[in-house]
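Worksheet: the structure to be examined is printed underneath.
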Amino acid sequence: MNGIPPAFQHLHARVVDAEATTRALWEDNDRLRERVAVYAQVIHELRTELDRRTDTSTQRSPVRSLPTSIT
């Protein structure tokens, strides 16, 4: 052997694997954040277009009334 205790070798291998997994997860996270930004932009543009097409007197409000009683 190379003089490095097996337990240390094992832990070192686990650290290397964990670091690789962490890098992959950060990359996935970055890709997902980019997608969310694109989807948010599309939703915003669609909402803007819908608002533009509706008459100002019938424009939808983002505030909704809650029912006063539930039966």
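Remarks
- Placing R0 at 25 angstrom, the Cβ-Cβ distance between Asp28 and Glu49 gives a FRET efficiency of 0.20 after rounding to 0.05.
- The label point for Ala40 and the one for Ala18, both projected 7 Å from the Cα toward the Cβ, are 3.1 nm apart.
- Residue-wise HN-Hα couplings along the range 9-25, as the Karplus relation 6.51 cos²θ - 1.76 cosθ + 1.60 with θ = phi - 60° gives them from phi, are 4, 4, 5, 4, 4, 5, 5, 4, 4, 5, 5, 5, 5, 4, 4, 5, 5 Hz; Gly and Pro carry x.
- Positive minus negative residues near Ala24 (Lys, Arg vs Asp, Glu; Cβ under 13 Å): -3
Bear in mind that the values in this text are calculations on the coordinates, not laboratory data. Remember, predicted model here, so these are calculated numbers, not experimental data. So basically every Cβ, Gly included, is an ideal-geometry build from the backbone, and we count neighbours across all protein chains shown.
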